[in-house]
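Visitor: Let me begin by handing over the structure; questions about it come next.
The values are calculated or read from the model by the stated rules, or taken from the named source; none is laboratory data. Predicted model, so just to flag it, every value in this text is computed and none were measured. So basically every Cβ, Gly included, is an ideal-geometry build from the backbone, and we count neighbours across all protein chains shown. We work out accessible area using only protein heavy atoms, side chains counted, and drop any ligands, DNA or RNA first. Shrake-Rupley method; radii C 1.70, N 1.55, O 1.52, S 1.80 Å.
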Amino acid sequence: MRIAMTVGARRDDVSLNDVPDLNVLANLNVANGRLLTVIAEKTVEEGEVAVTLTEQWGEIHADLSIGANVASAEPLKANENLSNRGVQLFGAGFIVTPEEATAFTLQGSQNIIREYRNGRDLTEAPRGVKVIDAFGLSAEQLRTQFPDVYQWLLERVKPERDQNNRASYRDSWWIHGEPRKVMRKQLAGLPRYIATVETAKHRTFQFVDASILPDNMLIAIASNDALHLGILSSRAHAAWAWANGGSIGMYVGNVRYNKSRCFETFPFPDQDTGLTPALRQRITTLAEQIDAHRKHQQAMHTGLTLTGMYNVLEALHEGRELTTKEKTIHTQGLVAVLKELHDELDAAVLQAYGLQANMGTDELLTHLVALNARRAAEEKTGHVRWLRPEFQNPATASAQAAGSKQAEMPLETPQKKMPAGKSSETDTSQVWPASLPDQVRALALVLGSQPGVLTIADIETRFKGRGPWKKSLPRILDTLAAVGRARREGDGWRA
């Protein structure tokens, strides 16, 4: 039997008099304590197990983690409507071999028979199968235009679908159960897109040709930009995906890439963080090189898999001796070259965030959480750093064509980035909330979105409203300090 246990105790170092409202603490989901995590267990005798634990002290977040509060990250508009899971067939009869595909001799049949990839196709080797994709055709149109394909599905898919409890699956038996209409709109017009396996040991991304239909176990990201591929392939995003993803099984190491938590919350670097044109080109070039290198080596050596190459890459990072099998993979995959490319990519991406290449993972995650908070605050004012503005926000694309240097919603005049301790009324001013919990959250967000120190006078300029609300700022700041969400530095405050 396995249990998970959470024990709560009153903190003696914080007086209840320091907290104006206990509901505030509950809403902040914050506690300081000790986190014990099982990392190994061994049966020592019948009915008794020895457990090895790791111990951490600090602020415990809502997801029972200590360190960077990744659970607080919000989805960003900049990343929305770009990622989706691939199609879900609900019928093995949709899959055909290349030989079976050539048997459909009617003119145009090739237009509804596409290359198909699932997770194993990407991490190991492509199976070489194709898939019938009749999306957009009615049953009558399919029977009239492609009677041989219609008969194939009638005999191999319809009997299975007739047993399905969902009416839509039964009635539209010639169409994939989940055809992903939204994904198709996202990918329309792109020559290629970025894909990652939903559940995998190593978080890798690669370009996939637009002619290939992704399976349900792939996450398709509708971007043709190698800059995006490079950033997603970096250590920064790998750490973010690991922290936000869901682990599969005990000690296995496989992590599920939840697009809502891993992709849509991720703050990409931009001009405000240090992404210069030179760095943009550097990341783009390295991403293309990594993608081409892996594909070339796999094409040269039958049986060479992406999983195998990254197992060896992990061993090189750990400095452990390679096994005989790993030495073969190392030679075939030129994994030392792959490591060098990734190391250079990681350094370039961290530089684009204004960070040092040797920054620790928890410090990196803390930085990304703060950047997510700043971006979320920006977006509430209408400033959105769209990843693919011509698709996500066509009006912005027109502004770019007219000479705009940066994609943003045309609601306000672009503001220059303000140095630490400064503020702009048009850029950050917001109405002071009415309720105390909302006031605490708003103040915490302001501190979290500012990398420097803010004096009380600086904070006052971030809000507007009538009444004596400014008098409550010191008390709320003391409350945030008491629960570990703020600290005083000289005459100012910071998160």
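Visitor: Would you kindly find the accessible area of Tyr353, with a 1.4 Å probe and non-protein molecules such as ligands, DNA and RNA excluded, rounding to the nearest 10 Å²?
Guide: 10 Å²
Visitor: State, as an integer percentage, the relative contact order of segment 94-158 based on alpha-carbon contacts under 8 Å between residues 6 or more apart.
Guide: Values: 58 pairs, mean separation 25.2, N = 65.
Reported as a whole number, the value is 39 percent.
Visitor: When you count, for each residue, the other Cβ atoms within 10 Å and take the mean per peptide, how do 315-323, 150-158, 227-235 rank with the highest first? If you can, show how the numbers build up before the last one.
Guide: Numbers: 315-323: 11.3, 150-158: 16.8, 227-235: 24.2.
By packing density, highest mean first, the sequence is 227-235, 150-158, 315-323.
Visitor: With a 1.4 Å probe and all protein chains kept in place, how do Val369, Val335 rank by accessible area, largest first? Please list the in-between numbers first.
Guide: Details: Val369 20, Val335 0 Å².
Of Val369, Val335, the descending order of accessible area is Val369, Val335.
Visitor: Under 20 Å from a point placed 7 Å out from the Cα of Thr361 along the Cα-to-Cβ direction: which residues of segment 324-339 have their backbone N that close?
Guide: Under 20 Å, as judged by backbone N against the label point of Thr361, lie 339 of segment 324-339.
Visitor: Ok, one more. At 7 Å along the Cα-to-beta-carbon direction for both Ala336 and Glu288, put a label point, then send me their distance in nm to one decimal.
Guide: Those two pseudo-labels are separated by 2.7 nm.
Visitor: With each pseudo-label sitting 7 Å past Cα toward Cβ, what's the Leu316-Thr102 distance in nm, one decimal?
Guide: If labels sit at Leu316 and Thr102, their model points lie 3.9 nm apart.
Visitor: Ignoring ligands, DNA and RNA, what percent of the 1.4 Å accessible area of segment 316-369 is carbon and sulfur? Can you show the working numbers first?
Guide: Details: 1540 of 3000 Å².
That fraction is 51 percent.
Visitor: So for Glu178, Glu80, what's the accessible-area order with a 1.4 Å probe, most first? Write out the running numbers ahead of the final one.
Guide: Numbers: Glu178 50, Glu80 80 Å².
Largest accessible area first, the residues go Glu80, Glu178.
Visitor: Something else now. So who's got an amide H within less than 5 Å of the one on Val96, skipping anything under 5 residues away but keeping other chains? H placed 1.01 Å off N, in plane.
Guide: Long-range HN contacts for Val96: Lys130, Val131, Ile132.
Visitor: Starting from the Cα of Lys185, move 7 Å in the Cα-to-Cβ direction to define the label point; list residues of segment 131-160 whose amide nitrogen is under 16 Å from there.
Guide: 136
Visitor: Could you check the spin-label model distance between Asp209 and Thr276? Points 7 Å from the Cα along Cα→Cβ, value in nm.
Guide: The answer from the label model is 3.9 nm.
Visitor: Just name one of Ser223, Ala167, Ser234: the one whose Cα is farthest towards the positive end of the charge dipole of segment 134-288 (beta-carbon charges, Lys/Arg +1, Asp/Glu -1).
Guide: Farthest towards the positive pole: Ser234.
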